[in-house]
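Worksheet: the structure to be examined is printed underneath.
The values are calculated or read from the model by the stated rules, or taken from the named source; none is laboratory data. Computed from a prediction, not measured in an experiment: that's the story for all the values here. As a convention, Cβ positions derive from the backbone with ideal geometry for all residues, glycine included, and neighbour counts pool all protein chains shown. Side chains are part of the model used for accessible areas, which takes the heavy atoms of the whole protein and leaves out ligands, DNA and RNA. Shrake-Rupley method; radii C 1.70, N 1.55, O 1.52, S 1.80 Å.
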Amino acid sequence: DSSLWKSVHKRINMAFKGEDHLDSLPLPVQRMHLIQVDSVQRWMEDLKLMTDCECMCILQSKPISIEKDEQNELILSSQYSTCDNLQLLLKRAWIISTELTRIAQKLEKNRWQRVHSMTVRVNCHVRSMINEYNTFTRSSSEEMHQLEKLLIDKCSEFTAFTERCLQTEDEQMLKSMKSCINETLTTVAHNFGQLIELVLTHEAQNLLRQIELSDSVYITESAINSLFSLTQEGAHLCRIIAKEGGVVALFKICRQDCFRCLYPQTLRTLASICCVEEGMHQLEKVDGILCLADILTDNTHSEATHAEAAAVIAQITSPNLTFTQHLSSFLENMEEIVTALVKLCQEASSGEVFLLASAALANITFFDTMACEMLLQLNAMKILLAACSDKHIVDTPYSRDQVVTILANMSVLDQCASEIIQGNGVQLLMEMLFERSSSGNSAEIAACERVQQKSAVTLARLSRDPEVADAAVKLSCIPRLIKLCRSPTERNNSDSVLVACLVALRRLAVMSPDGLEDSDFQQLVKPRLVDSFLLCTNMEESFV
């Protein structure tokens with residue numbers, strides 16, 4: 001039933017993150033055009049169900065050569081790297097989890113023949129995964145061997161159950177056997193999850209041991225790259241790495257001058273691990289923020305190192321994080337960090353470097369107003385506005401999103417208005433109201449919506465100053481705001497953009513009531529905000 005399947009699916013997901021960050025599986029082999037006989041095609045389909053699982057697995061497990069030396073040579077020649085082998089393992093695990101998902105779905109529909117054929121496949125994949133892993137791992141614990149044996153035994157039992165279901169048509173017996181199959185499926189999923197968890201923990205431990213014990217730059221670099229590859233497979237793997245001491249080991253690298261050339265990839269890996277709470281706790285324990293501040297303020301480091309340190313800062317200060325215990329130590333080093341990030345924005349040689357530095361600054365402005373005052377004193381407004389005029393530096397909606405976030409948060413300060421006027425900031429905000437995606441990519445479209453929304457918010461806040469409001473009116477901000485309110489396609493049907501534009505329009509209408517036609521005033525300004533919002537959301541495109 002559905003509740004049982006949810007339990008199974010939860011266990012599978014705990015064992016393995018899922019398909020979002022994996023390469024898609026190879027496409028099925030195309031049918032041969034020379035064989036068009038229906039009976040042959042039917043025989044080929046039936047053959048899948050008739051294949052003896054035991055024979056397949058025994059053949060798969062046998063070495064090509066019986067000579068020990070030749071067998072070892074074969075195994076070694078098939079080893080590419082730890083990273084490649086782990087990717088192979090993860091893909092195999094994804095196949096198994098997908099098959100278990102489909103078995104549960106077919107079982108609910110009592111499609112016994114399909115259930116059996118898929119169970120056979122799972123059995124083969126499990127044995128293949130275990131064999132493949134044992135060929136590239138040098139050491140396995142007794143616990144892992146026991147789990148492997150237990151999983152293989154349960155898979156065989158699972159296959160035997162489903163095969164017996166094909167041999168009876170008694171509905172009552174099938175109903176009773178279904179509960180046994182459900183129970184076995186749950187057990188297989190649980191054992192599979194435990195094995196994958198143990199394997200990934202074992203591999204993380206091996207990589208971290210290499211990082212901690214090796215004096216070789218080459219070996220350490222290879223281990224860090226493999227560790228980074230693991231972090232890209234999802235939060236669950238990041239938790240495993242953090243629990244095994246990954247953050248501690250990586251910050252140890254960042255404190256050794258002999259590994260300076262590895263700082264960028266080490267910091268990149270740290271940024272990935274710190275997306276989970278366990279990583280943040282470890283960062284706090286090893287004074288990671290102090291280490292990041294030292295790296296950012298050390299002018300002898302490369303721009304790439306500074307950029308990756310900024311990426312870690314951006315990660316740990318993300319407004320989306322619910323855990324903020326680390327922020328107390330961050331506040332102690334905030335002035336040095338903010339100063340270094342502003343400098344990095346000013347001297348950025350590429351759009352990527354600017355994006356990372358500005359993202360860190362944008363996040364910092366969310367959790368402490370003191371940061372906005374620091375930015376004002378450091379002439380950050382002038383630096384950011386100047387950067388926006390360089391299309392090689394601020395070259396994507398993502399970068400403009402960071403800049404306008406900083407402007408919006410700084411606009412609560414009264415002194416900000418004069419800085420905006422001097423830096424031609426109102427013109428920039430007006431241009432941002434026209435932000436549109438060029439690629440149609442969903443992430444880019446979302447970034448464009450945020451740019452439009454935040455530019456309208458910034459205009460609304462700054463328009464309390466008559467000089468800013470006058471500049472906005474002269475630049476025809478009012479007609480553009482009206483267009484965004486009345487035309488859903490202009491704002492990509494975004495309600496948040498609509499609300500921000502209505503607020504900005506009302507603020508400007510107070511300062512310059514002559515800029516609106518009577519119909520606009522009656523519909524967009526005079527009613528309650530919620531009434532104007534409902535009016536605009538119910539408008540048909542043809543009406544506009």
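Check whether at least one residue in region 195-218 is over 30 Å from Leu262 (Cβ atoms) and part of a helix (DSSP H, G or I), and report yes or no. Before you say what the answer is, go through the steps one by one.
Pass one, region 195-218, residues over 30 Å from Leu262 (Cβ atoms): 195.
So of that shortlist, the ones also part of a helix (DSSP H, G or I) come out as 195.
Scanning region 195-218 turns up at least one residue that is over 30 Å from Leu262 (Cβ atoms) and part of a helix (DSSP H, G or I).
Before we move on, is Ala204 closer than 21 Å to Leu88 by Cα, in contact with a Ser or Thr (Cβ under 9 Å, 6 or more places away or on another chain) and either open to solvent by less than 10 Å² (accessible area, probe 1.4 Å) or not assigned by the TED database to the domain that holds Trp94 (or both)? When the stated conditions are applied, Ala204 does not pass them.
One residue stands out among those in region 165-191 that are open to solvent by 80 Å² or more (accessible area, probe 1.4 Å) and among the polar types (S, T, N, Q): the one that is nearest to Ile103 (Cα to Cα), which is Gln167. Considering region 386-436, and only residues there that are of a type in the set (S, T, N, Q) and within 26 Å of the chain's Cα centre (by Cα), the residue that is farthest from Leu462 (Cα to Cα) turns out to be Thr396.
Within region 305-317, identify whether any single residue is modelled with pLDDT of 95 or more, of a type in the set (S, T, N, Q) and either over 24 Å from Gln256 (Cβ atoms) or assigned to a helix (DSSP H, G or I) (or both), and answer yes or no. Yes, region 305-317 has at least one match.
Among the residues of region 397-436, those identified as assigned to a loop (DSSP other than H, G, I, E, B) and either open to solvent by 10 Å² or more (accessible area, probe 1.4 Å) or of a type in the set (A, V, I, L, M, F, W, C) (or both) are Val412, Leu413, Asp414, Gln415, Gly423, Asn424, Leu433, Phe434, Glu435, Arg436. Filtering Ser439, Ser476 for residues that are without any contact (Cβ under 8 Å) to a residue 40 or more places away in the chain and open to solvent by 50 Å² or more (accessible area, probe 1.4 Å) leaves a single hit, Ser439. Filtering region 507-517 down to residues that are open to solvent by 70 Å² or more (accessible area, probe 1.4 Å) and outside any loop (DSSP other than H, G, I, E, B), which residue is modelled with the lowest pLDDT? Residue satisfying both the conditions and the ranking: Asp514. Within region 227-237, does at least one residue satisfy the condition of being closer than 22 Å to Glu197 by Cα, in contact with a helix residue (DSSP H, G or I) (Cβ under 8 Å, 6 or more places away or on another chain) and outside any helix (DSSP H, G or I)? Checking region 227-237: at least one residue is closer than 22 Å to Glu197 by Cα, in contact with a helix residue (DSSP H, G or I) (Cβ under 8 Å, 6 or more places away or on another chain) and outside any helix (DSSP H, G or I).
In region 94-152, the qualifying residues are those that are open to solvent by less than 20 Å² (accessible area, probe 1.4 Å) and small (Gly, Ala, Ser), and the one that is farthest from Thr168 (Cα to Cα) is Ser128.
Taking the criterion of being touching a residue at least 60 places away in the same chain (Cβ under 8 Å) and more than 34 Å from the chain's Cα centre (by Cα), the residues of region 157-188 that qualify are Thr159, Leu174, Lys178, Ile181. Cβ separations smaller than 6 Å between residues 6+ apart or across chains give the following pairs from region 479-490 residues that are more than 13 Å from Phe434 (Cβ to Cβ) to residues that are open to solvent by 30 Å² or more (accessible area, probe 1.4 Å): Arg486/Val544. Six or more apart or on different chains, Cβ atoms under 6 Å: show the pairs whose first residue is in region 367-379 and within 16 Å of Phe330 (Cα to Cα) and whose second is open to solvent by 40 Å² or more (accessible area, probe 1.4 Å) and assigned to a helix (DSSP H, G or I). Listed by first residue and then by second, the contacts come to nothing, as the list is empty.
Just to be sure before I move on: is Val394 modelled with pLDDT under 95, in contact with a helix residue (DSSP H, G or I) (Cβ under 8 Å, 6 or more places away or on another chain) and open to solvent by 30 Å² or more (accessible area, probe 1.4 Å) in the structure I sent? No, not satisfied. Beta carbons closer than 6 Å, at least 6 apart along the sequence or on distinct chains, pair a first residue in region 520-540 that is more than 17 Å from Pro479 (Cβ to Cβ) and in the same structural domain as Cys501 (by the TED database) with a second that is surrounded by 15 or more Cβ atoms within 10 Å (Cβ to Cβ) and not hydrophobic (A, V, I, L, M, F, W, C) for Leu535/Gln523. When Ala504 is tested against (1) assigned to a helix (DSSP H, G or I); (2) within 33 Å of the chain's Cα centre (by Cα), only condition (2) is not met.
Scanning region 518-528 for residues that are open to solvent by 70 Å² or more (accessible area, probe 1.4 Å) and not acidic (Asp, Glu) yields Phe521, Gln522, Lys526, Arg528.
For region 337-352, a residue qualifies if it is under 17 Å from Asn379 (Cβ atoms), open to solvent by 20 Å² or more (accessible area, probe 1.4 Å) and not polar (S, T, N, Q), and the qualifying residues are Lys343, Glu347. Look at (1) open to solvent by less than 60 Å² (accessible area, probe 1.4 Å); (2) within 23 Å of Leu429 (Cα to Cα) and you find that Asp368 fails only one, number (2).
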